[in-house]
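**Student:** Submitted below is the structure of interest, expressed as structure tokens.
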Amino acid sequence: MSSYEYQAQYYETDQMGIIHHSNYVRWMESARIWWMSQIGIDYKGMEEKGIISPVLEISCQYKSMVRFEDTVLIEPIIEKYNGITLELSYRITDKESGELRMLGSSKHCFLDRDGKIISLKKSYPEYDRAFAENVRRI
């Protein structure tokens with residue numbers, strides 16, 4: 001599967017002229033939503049069915065700077081999935097040079113609109129299958 005491509009915007013820079021660290025979390029979310037659509041999961045459709053997927057944990061390791069107008073490639077990978085939680089890793093590289101910019105991870109769970117944990121395996125097998133088929137195989 002191809003990577004999510006993103007061009008850094010001026011408003012995302014800080015006083016030093018580099019992308020502010022908080023923006024990487026937004027990029028990870030955008031890449032995750034894009035990636036889900038690539039495997040046949042419409043995030044808006046999930047929410048319309050009453051499924052929400054809050055962030056439980058997030059981590060970023062900044063390796064090199066991204067500047068205004070740099071284009072990066074973001075590769076989300078499912079590391080673990082059990083029907084109730086989803087753990088992804090993210091690798092952000094410079095499109096032109098291939099230089100590693102950031103390594104990240106996020107962990108999510110699945111809840112109904114009342115905030116109760118749900119199992120996609122039991123309640124939404126079509127989503128469960130799409131996630132399970134795309135877990136990283138080592």
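The values are calculated or read from the model by the stated rules, or taken from the named source; none is laboratory data. Remember, it's a predicted structure, so these values are computed and weren't measured experimentally. Cβ atoms come from the backbone with ideal geometry, glycine included; neighbour counts cover every protein chain shown. Accessible surface is based on the protein model in full, side chains and every heavy atom, while ligands, DNA and RNA are left aside. Shrake-Rupley method; radii C 1.70, N 1.55, O 1.52, S 1.80 Å.
**Student:** Within the chain, what's the longest stretch lacking trypsin sites (Lys or Arg not before Pro) that sit in DSSP loops with no more than 15 other Cβ atoms inside 10 Å?
**Tutor:** 1-48
**Student:** As a test question: what accessible area, to the nearest 10 Å², does Ser53 have when a 1.4 Å probe is rolled over all protein chains in place?
**Tutor:** Here the residue's solvent-accessible area equals roughly 10 Å².
**Student:** When only DSSP loop residues count, what GluC sites (Glu not before Pro) in the stretch 37-118 have their Cβ near at most 15 other Cβ atoms within 10 Å?
**Tutor:** Sparse-neighbourhood loop GluC sites (Glu not before Pro): Glu69, Glu96, Glu99.
**Student:** Report the extension gain between Arg137 and Ile39 in nm, rounded to one decimal, defined as 0.36 nm multiplied by the number of residues separating them, less their alpha carbon distance.
**Tutor:** In short, 33.7 nm is gained.
**Student:** GNM, the chain, Cα, under 10 Å: largest mean-square fluctuation among Met46, Met16, Met28?
**Tutor:** Sorting by GNM fluctuation, first place goes to Met16.
**Student:** Kirkwood hydrodynamic radius of the chain from all distinct Cα pairs, in Å?
**Tutor:** Computed over the chain, the radius equals 15.8 Å.
**Student:** Can you work out the accessible area per residue across the stretch 45-90, with the rest of the protein chains kept in place, probe 1.4 Å, in square angstrom?
**Tutor:** For the stretch 45-90, the per-residue accessible area is 51 Å².
**Student:** Please check which bits of the stretch 95-122 a label hung off Val25 would reach, taking the label as a point 7 Å along Cα-to-C-beta and the cut-off as backbone N under 20 Å.
**Tutor:** Under 20 Å, as judged by backbone N against the label point of Val25, lie 101-111 of the stretch 95-122.
**Student:** Measure nothing but the geometry: give the 0 to 90° angle between the long axis through the Cα atoms of 22-38 and the longest principal axis through the Cα atoms of the chain, rounded to 10°.
**Tutor:** Long axis of 22-38 versus the principal axis of the chain: about 50 degrees.
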